[in-house]
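Shown next, in structure tokens, is the structure this report addresses.
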Amino acid sequence: MLKKKGKYITAVVGATGAVGNEMIKTLEERAFPIERLRLFASERSEGRRMEFRDMMIPVETLNEKSFEGIDIALFSAGAERSKTWAPVAAHSGCIVVDNSSQWRMDPEVPLVVPEVNSYDLKWHKGIIANPNCSTIQMVVVLKPIHDAAKIKRVVVTTFQSVSGTGQKAIAELMQQTADLLNFKAVTCTVYPYQIAFNVLPHIDKFLENGYTKEEMKMVNETRKIIGDPAIRVTATTVRVPVFRCHSESLNIETGKKLTPDEVRAILSAAPGVIVYDAPDKNIYPIPIDVAGKDETYVGRIREDETIENGINMWIVADNLRKGAALNAVQIAEKLIEMA
Ligand code: NAP
Ligand code: 12T
């Protein structure tokens, strides 16, 4: 458990990455109670310094003693690093909030979205997992609907930005776009095919059942977070040539009937959700508007007329913020509140 203190020695592991950068920014913006900030990355970043508040903080590499004295560590350096280093950190008495997929489905590890299940933080044993970006934005919307009308089944299709894959994918979309507009040949290193001016129905690895790992994360993580294994979820996850924000089309079947107006009222009162829905004025959420925002935006709320109790909607959230850095920082803030 976290000790009660005024300020905390805090670390970001993977500080130089897409999520790590956003974590540093989020800690600064939210005036997180930091006594000292330590930054870690690979040997490739040795010698780098990064700005935090008015300081230039050196980037360090990890060793067995790195976590001594650290209170809270936010990990975003990939699943392999989390597998090796999160237990080392936890053993040193540091509380880890891990952004990778490594610990999410471990029964000993709580999987938390503060608006949905902050009560699960009570039973952590040193590691807390941050869910997948696509799952986080979906569950902040599903939970209040589930509480009101019991969700039976969800059909979700995602439209995911390249920043979800990290810095190299952001660079690849930029480079391919510039090359194509200059009539040059494109090179593909991060994704199996060109992503500029294209759409790929493929995120993370393919599994035996024909789904991708990303799709199965949405199925399994949703049930664990909401705490109801009876909710059925089927997902198709798609990469689109967008830099920031994941969009999702949701089809939700409930036990009790809800009208679109009732859904609008429920979601308007839900924490972390903004209803942005006036189709007569072309008002609906889009990635370029939602980039940099904290909330999950919801529009296109309408009845699914093909089933008894069905609702369709369109949701957009910033994958680097609520989908990663912000959710992790909110978890750390809750832990401090509970200390
Ligand atoms: P990224 O831009 O590629 O950044 C990777 C970071 O990991 C860099 O800081 C890199 O340091 C560091 N790193 C790599 N190898 C390391 C090592 N051996 N020791 C220490 N640090 C090392 O990737 P990203 O998009 O930020 O994603 C990072 C992690 O967050 C991944 O686990 C990803 O699955 C997770 N993530 C989670 C969500 C979510 O859904 N919640 C969303 C996006 C990403 P260098 O700069 O020195 O190479
Ligand atoms: N493959 O944290 O490529 O499980 O967008 C997040 C994002 C895995 C994860 C991506 C991924 C994760 C992606």
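For residue 233, the amide hydrogen comes within under 5 Å of the amide hydrogens of 154, counting only partners 5 or more places away or on other chains and with H modelled in the peptide plane.
In order along segment 246-259, the Karplus-derived 3J(HN,Hα) couplings, from 6.51 cos²θ - 1.76 cosθ + 1.60 at θ = phi - 60°, round to 9, 10, 9, 9, 10, 10, 10, 9, 10, x, 9, 6, 10, 7 Hz, and Gly and Pro are given as x. Taking packing as the residue-averaged number of other Cβ atoms within 10 angstrom, the listed peptides 159-171, 315-327 run from highest to lowest as 315-327, 159-171.
Arranged from fewest to most other beta-carbon atoms within 10 Å of their beta carbon, 276, 193, 297, 8 become 193, 276, 8, 297. Normalised Debye scattering of segment 185-311 at q = 0.22 Å⁻¹ gives log10 I(q)/I(0) of -1.45, counting only Cα atoms as equal scatterers and leaving out solvent. Here residue 256 is the anchor, and the aspartates and glutamates within straight C-alpha reach of less than 19 Å, apart from those fewer than 8 places off in the same chain, are 147, 228, 303, 304, 305, 308. Across segment 183-339, the mean sequence separation of Cα contacts (distance under 8 Å, 6 or more residues apart), normalised by length, yields a relative contact order of 20 percent. Charge dipole (Cα centre; +1 on Lys/Arg Cβ, -1 on Asp/Glu Cβ; no other charges) of segment 229-319 amounts to roughly 220 debye.
With unit charges on the beta carbons (Lys and Arg positive, Asp and Glu negative) and the dipole taken about the Cα centre of the chain, which residue among 41, 301, 144 sits farthest to the positive side? The residue sitting most towards the positive pole is 41. Using C-alpha pairs below 8 Å separated by at least 6 residues, the relative contact order for segment 52-144 is 24 percent. Taking a sphere under 15 Å around the Cβ of residue 172 and counting the other residues whose Cβ falls inside, with K and R at +1 and D and E at -1, yields a net charge of +3. Cross-link check: pairs 83/217; 83/224; 4/168; 150/213 evaluated at a Cα-Cα cut-off of 29 Å; pairs beyond the cut-off: 4/168. Cross-link partners for residue 7 among the lysines, with Cα-Cα distance under 25 Å and sequence neighbours closer than 8 places in the same chain left out: 25, 65, 122, 125, 322, 334.
Among 245, 188, the order by Cβ neighbours within 10 angstrom, fewest to most, reads 188, 245.
Ordering 101-112, 216-227, 172-183 by mean Cβ neighbour count within 10 Å, with the highest value first, yields 216-227, 101-112, 172-183.
For the chain, adding -39500 (n - 2.57) for each run of n ≥ 4 DSSP H residues and dividing by the number of residues yields -9000 deg cm²/dmol at 222 nm.
Values in this text are rule-based calculations from the coordinates and carry no lab data. Keep in mind that what you see is a predicted model, and the values were worked out from it rather than measured. Heads up, the Cβs are rebuilt from the backbone with ideal geometry, glycines too, and the neighbour counts pull from every protein chain shown.
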